[in-house]
Each structure stands twice: as C-alpha cells, then as structure tokens.
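J.: Take this structure first; my questions come after.
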Amino acid sequence: MAPAAKKARTSGEGVGAAPATDAEVVAGVGVGATGPDTVLVLDYGSQYTQLITRRVRELGVYSVLLPGDATMERIISHKPSVVILSGGPNSVHLEGAPTVPPQFFAHCEEHKIPVLGICYGMQLIVHKLGGEVKTADTAEYGRMPVHTVVDSVLFSQEMDASQQVWMSHGDEAVKLPPGFRCVGTSDAGAVVAVEDPKRNIYGLQYHPEVTHSERGSETLRHFLFDIANVTAGWSMANVLEEQIAIVKAKVGPTAHVICALSGGVDSAVAATLVHKAIGDRLHCCFVDNGLLRYKEQERVMKMFKDHLHLPVTCIDDSVRTLARLKGVMDPELKRKAIGAEFIEVFKDYKATVEAKTGVRPTFLVQGTLYPDVIESCPPPGSDQKHSHTIKSHHNVGGLPKELGFELVEPLRMLFKDEVRKLGALMDVPTAFLKRHPFPGPGLGVRILGDVCAEGALETIRHVDEVYINAIKEAGLYDEIWQAFAVFLPIKSVGVQGDQRTHSHVVGLRAITSSDGMTADWYQFEGKFLQSVSAKICNEVKNVNRVVYDITSKPPSTIEWE
C-alpha cells in the first residue's frame, strides 16, 4: 500500500499555544528547531518513553516529549507531523487513567496526522475509539515471539512473519474498534499489532523502541518514513546550537553560575557547554566527598588542568560526608544524605565565589541525564507525571529554596551516548568521553550497608582498581559500558596460605548498553574472570571470595543500590 499523503501542516491559528516547559524544550531541543517535521511523543509513564524520542532522533527527525495529559492547544502548538502515544503502568479501563484530549483523534484525522500507540498507547487507542481492553488472563513480560501479517501496512517491509519483541503488559485488547484489524499476535493469541490505514492510526502492544525487539528500529523507520512520510533534517549539531541559546537566555548577560565537576563525562560536557554560552562567569569546583575511587582526586584534578582547560577549585568534604553516613544502612537514606551534604558544600562554595567576584551566583549546573530523571520520582513541573519511582538520584528533584539557586541542566533529557556525541562536537577530550559512568553518590551505593564499616572503603577502592586495570590490560575497556566492584556486607570462610580465613566477599559487575535504560551483563571469558579473581584475592587484604553479577537490566538496575 502506498504511504499516507503528506499532511497539511497545522498552524494552530486562533489557539493560545502554551509556553514550552524546560522538559519539552530540552527533549525536542527547542521549539522551532530546524527539522522540517516534528514527531510528538505523549508520555504515559513508561520507563522506556524517552527511548521513543531518542530512536526518532537517531533517525534524524526532530522530536518533542510532552506529558500524556497535555491539552489539545499545547499539542497543536508544536505542529506535529506524527504523534506517538507511549506505554505506561496504568490500565485504560480504570477510573482516572491518563488519556488524550477529547478532540485528539478527530483533530489528527482531520489534519492527516498519523498516530502510533505503543503498549498503553495502543490500549488507549482501542479503548477511546470503541474497542474493549481487559485484564489479560496471563500477563506477558520480557522477550517473546510475535507473528505479524506481512501484507499489512504496518509490516509490509517485513520478509518474515515472526520476530522477537519486548513485551510488558498485563492488559490486552479483546475487541477492536470499527475500521481496525489485527495484524499481529503473540504465541498466546493476544493482539499485539493493529491498524486502521484509512484514519492513519496504528498500534503495537510491544515496545519497538528497546533493543530487545529485534525488528523494532526497522518498524519505527518504516512507520515514520514510509507510512507517515516524514523528512529527516535534525542532528546533534542542532542540540548544541539550541542548548547554548537556551543557557544564554536562562542565565542572562550578568549572572554567575557554579558547576560541580565529578571527573566524568556528564559534568564535563555540561560545563563545557555552559562555558561556551557564558564564558568566565562559570565557576567550577570538584568535591571529594570521601566516596571516590582509588586516587580519584589526584587523577581528576590533573585531567582538569591538562585537558579541560577550566579553572577548577578542589573541595575536600570527606569528613563531613562520612560523618553523615556513619551507621546509615538504607540505600535511599544514603542517597538523600549524600545529596543533602552536596547542598551544604554548594552553600559554602557560593559564599566563596561571591567573596571573590562581588557577585552572588544564582545558578547551578548539573550533568543530570534522562535515566537519572526517569528512575527518580519525577518532580512537580517535570512534565513526567505518570511514571513510577525506581530509585532517587542525588541530582534529581530540585534544590531547597533557601539555597537561592536555579538549576541549569542542559543534558537532562539526553542519554549517555548522545552526551558523548555532544562532547565530541565541542572537542571535549577523549579521556573524558570514554570514561565509564560513575554514580553521583560514588562508592556510597557500591558499599552495601554502612559505608563507614571497618575497611569497606579501602577494600572496595583497591578491588575496583585491580579490576579496572585488568579490563584495560585485556583491551576490553571500550567494549564495556560500565564496570565496577561492589562491597558486600558478608564474610565467607576460605583457605589462604594453608590457613582458614573469614574474610570479605566482593562482587564484580560489567554491563553493555547503548543508553543506560536497558543493559546486558558482559560475558567475559572464563580465563579472564579466573585471573582477575586470583589477583583480587592475592593483592587485596581481607578478601577471599569474588562473585560476578550476571543480571541484566531489567530486572535489576545497573548499580546495586
């Protein structure tokens, strides 16, 4: 079947367009970007929602993310060429479930705007247009095969009628609306794909945006370019240009800004971008909170001086941070304590900068990424209202009002690999861009239980150093997204030097990922694991057992806490 005719661009004339929020500006990288077409994603709370926006951007198409209950006026203000309804944890047949505006489908049909519903989005289409959705007898989660109709519009590019996809649903469509037909089913017979080509409305019960769906990217590409007939015309260069403009507009011509550098990719790229926007009104500090890796302060400060070429003040706050953490066992309480201490450091540094410059800094730069945001309970005003909390992040959720800072988060809606591309465009040194991610709470979330337990910090630093050096010596560092060691609050019996020992157990983790939202464990060869285990037990005092984490994300998170 021929692709749908190019829609007439709607102007939204006569409708009061709501102002863009920070979330939608950054997600779409500014209202009025240079791309000729806009794909609007309505967010109903799926942990994978931002992946949809990301996949669209990877295809060179401009994309904006809005909350699922955005008004019709706000939707129209973006002049979308396509609308995608995301997945989410809710049930469409329950009272109060998030939904589209009453006139949404009529507007899209009138203006020939193709609509694609994913998971909850498909159920919403079925429910709103006269079909029926019920709780499934058997929920479907994880990777599984589906069977598609290859002479359908949605799957006309496919040669094989079967493919592996990623499912995550407890409800299912049991009756389709008038005009729709089923073009895909699961092994259990559940409807997994529907279409109404006449109205340009399509639905997928599975998640094509995740890498576990083997043909997902091809399906999205086919939908965008062959069915919706959009035009690619957007790149990371647009991100850089518009983020600099956003920072300039937000900070203004006279305000001063503080940035806490961690030595990692995110803060380095954020600082470089803000420095390009406002120059020497940016003041950077590096905080040693006592939770850093082996010789991290020394190594990072050298990198700042030799490579980043930004003036950086080093602040040693290890005594105060560790005092806050002593005896704290709960992961959430540890994260919040670390975040609270960061706030105190910023207060002190703010006063230092004010005394030096005569100007009180009013903005704080953070290298927050989207995976941080989506795993935390999204704060009010973030425009992500329907997702569930996984864990809180120290740099997500805003700042106390009395601190007097406004946040500048130019990377907030980007993924790690996109941040690396952005950094490369600004000539951020490869040494920064290739570093594995290190969590903001540092070793505080890599020591299970009390961070201040006797020998825990010293032990995990030494283990991590041996492990990472072994990975680098094997030439594997760049193949791995993230690798680290974990201190476990248990001891085991062993035999070392013909003597019984009762020593610590440490865990090793290494994962591969493209975005941090999903991850697989890295499959080292057995000889490597044998070698690194022997090195750790021989070189690190009080360790007699090493275990390797073979859990993917999901069901686990990347960090253990």
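The values are calculated or read from the model by the stated rules, or taken from the named source; none is laboratory data. The structure presented is a predicted model; accordingly, all values stated were derived computationally and were not measured. Here the Cβ is made from the backbone with ideal geometry for all residues, glycine too, and neighbour counts use every protein chain on show. Heavy atoms of the whole protein, side chains included, go into the accessibility calculation; ligands, DNA and RNA do not. Shrake-Rupley method; radii C 1.70, N 1.55, O 1.52, S 1.80 Å.
J.: Return the calculated 222 nm mean residue ellipticity for the chain, to the nearest 500 deg cm²/dmol, obtained by summing -39500 (n - 2.57) across DSSP H runs with n ≥ 4 and dividing by the residue count.
T.: When only DSSP H runs of four or more count, the value is -9000 deg cm²/dmol.
J.: Which angle from 0 to 90°, rounded to the nearest 10, does the C-alpha axis of helix 456-473 make with the longest principal axis of the chain?
T.: Between helix and principal axis, roughly 70 degrees.
J.: Accessible area of Val493, 1.4 Å probe, to the nearest 10 Å²?
T.: Rounded to the nearest 10, that gives 80 Å².
J.: Between the helical axis of 265-278 and the dominant principal axis of the chain, each derived from Cα atoms, what acute angle in degrees is found, rounded to the nearest 10?
T.: 80 degrees
J.: What accessible surface, in Å², does a 1.4 Å probe find on Asp69, ignoring ligands, DNA and RNA and rounding to the nearest 10?
T.: 70 Å²
J.: So how do 54-66, 517-529 stack up, highest first, on mean other-Cβ count within 10 Å?
T.: In decreasing order of mean packing, 54-66, 517-529 become 54-66, 517-529.
J.: Here's a follow-up. Counting only protein heavy atoms and a 1.4 Å probe, tell me what percentage of the chain's accessible area is made up of carbon and sulfur.
T.: Exposed carbon and sulfur together represent 52 percent of the surface.
J.: Would you compute, for the Cα atoms of region 438-478, the largest minus smallest coordinate along each principal axis and list the three values in descending order, in whole Å?
T.: Ordered largest first, region 438-478 gives principal extents of 34, 21, 11 Å.
J.: Would you please classify the overall shape of region 520-561 from the alpha carbon gyration tensor, given that a ≥ b ≥ c denote the square roots of the eigenvalues, rounded means a/c under 1.5, and beyond that prolate means a/b larger than b/c while oblate covers the rest?
T.: oblate
J.: How big is D for the chain, in µm² s⁻¹ as a whole number, if Stokes-Einstein is applied with the Kirkwood radius of its Cα pairs at 20 °C and 1.002 mPa s?
T.: The estimated diffusion coefficient comes to 85 µm²/s.
J.: So, one more: Summarise the long-distance tail of P(r) for region 397-484 by giving the % of C-alpha pairs beyond 23 Å.
T.: Tail of P(r) above 23 Å: 46 percent of Cα pairs.
J.: OK, next. Starting from the Cα gyration tensor of region 460-561, take the square roots of the eigenvalues, sort them a ≥ b ≥ c, and report rounded, prolate or oblate (rounded when a/c is under 1.5, otherwise prolate if a/b is larger than b/c, else oblate).
T.: prolate
J.: Find the relative contact order for the chain and round it to a whole percent, using C-alpha pairs within less than 8 Å whose residues are 6+ positions apart.
T.: Working: 1147 pairs, mean separation 67.4, N = 561.
Computed over the chain, the figure is 12 percent.
J.: If you project the alpha carbons of region 264-308 onto their three principal axes, what span does each projection cover, largest first, in Å?
T.: Cα spread of region 264-308 along its principal axes, largest to smallest: 34, 20, 16 Å.
J.: Would you list Met72, Met329 from the most to the least accessible area, probe 1.4 Å?
T.: Highest to lowest solvent-accessible surface, that is Met329, Met72.
J.: Further question: Can you give me the three principal axis dimensions of region 249-368 from its C-alpha atoms, in Å, biggest first?
T.: The Cα atoms of region 249-368 stretch 46, 29, 25 Å along their principal axes.
J.: How would Asp316, Asp464, Asp137 line up by accessible area, probe 1.4 Å, largest first?
T.: The ordering from most to least exposed comes out as Asp137, Asp316, Asp464.
J.: Moving on to the next point. Taking the alpha carbon gyration tensor of region 87-187, what are the square roots of 5 times its eigenvalues, largest first, to the nearest whole Å?
T.: 23, 19, 11
J.: Show His283, His307 ordered by accessible area, largest first, where the area counts protein heavy atoms only and the probe is 1.4 Å.
T.: Reading off the accessible areas and sorting them downward yields His307, His283.
J.: In nm², what is the average projected area of the convex hull enclosing the Cα atoms of region 173-260?
T.: Result: a mean projected hull area of 10.6 nm².
J.: Still on this structure: Working from Cα positions, state the angle (0 to 90°, nearest 10) between the long axis of helix 331-357 and the longest principal axis of the chain.
T.: Here the helix axis deviates by roughly 80 degrees.
J.: Can you tell me what the convex hull of the Cα atoms of region 142-224 projects to on average, as an area in nm²?
T.: 5.1 nm²
J.: Quick one: compute the contact order of region 504-561, relative version, from alpha carbon pairs under 8 angstrom and 6+ residues apart, as a percent.
T.: 48 percent
J.: Another question, if that's okay. How much accessible surface does Ser156 have with a 1.4 Å probe, in Å² rounded to 10?
T.: Counting only protein heavy atoms, Ser156 exposes about 60 Å² to solvent.
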